[in-house]
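Since the structure comes first, as structure tokens, the remarks are kept for the end.
The values are calculated or read from the model by the stated rules, or taken from the named source; none is laboratory data. Note that the coordinates shown come from a computational prediction; the quantities given were computed from them, not determined experimentally. Using ideal geometry, Cβ is built from the backbone for each residue, glycine included, and neighbour counts are taken over all protein chains shown.
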Amino acid sequence: MVRRASWCACILLVGATETLGRSVLEALAERGHNVVEAWRKGPDVAVDIIAPGAIQAMYERVGTVDALASCAGDVPWLPFGELGRPDLLQGIGGGSGA
């Protein structure tokens, strides 16, 4: 199990390495939250979000959390209403969504 303080919220942050993930990590840490970082080569938890069973294994390793924030993947910069399933799937794993 990942060690964490009992006095603050424990937030699992998936995709903590790039611009958005680092900003979210800093904002949560500044507010006193205990952030468990999960990414492909994560210091706390390594997870490949497109590998079968990897997300379940991540939760089993981390245990109970108060919240999850996901900043994983590259999604096209389009208005939200124009994003489709193929765009989202491409962002998290390079799939076509077909």
Hits in region 41-64 (condition: more than 21 Å from A9 (Cα to Cα) and in contact with an Asp or Glu (Cβ under 6 Å, 6 or more places away or on another chain)): A54
Near pairs, Cβ below 8 angstrom, 6+ apart or cross-chain, from region 52-79 (acidic (D, E)) to any residue that is part of a loop (DSSP other than H, G, I, E, B): D66/A9
Residue in region 16-29 that is over 19 Å from L89 (Cα atoms), aliphatic (A, V, I, L, M) and surrounded by fewer than 17 Cβ atoms within 10 Å (Cβ to Cβ) present: yes
Answer residue from region 1-15, given it is over 11 Å from A72 (Cβ atoms) and modelled with pLDDT of 90 or more and is surrounded by the fewest Cβ atoms within 10 Å (Cβ to Cβ) among those: C10
Helices (runs of 4 or more DSSP H) wholly inside region 17-98 containing at least 1 residues that are modelled with pLDDT of 90 or more and within 15 Å of the chain's Cα centre (by Cα): 19-30, 54-62
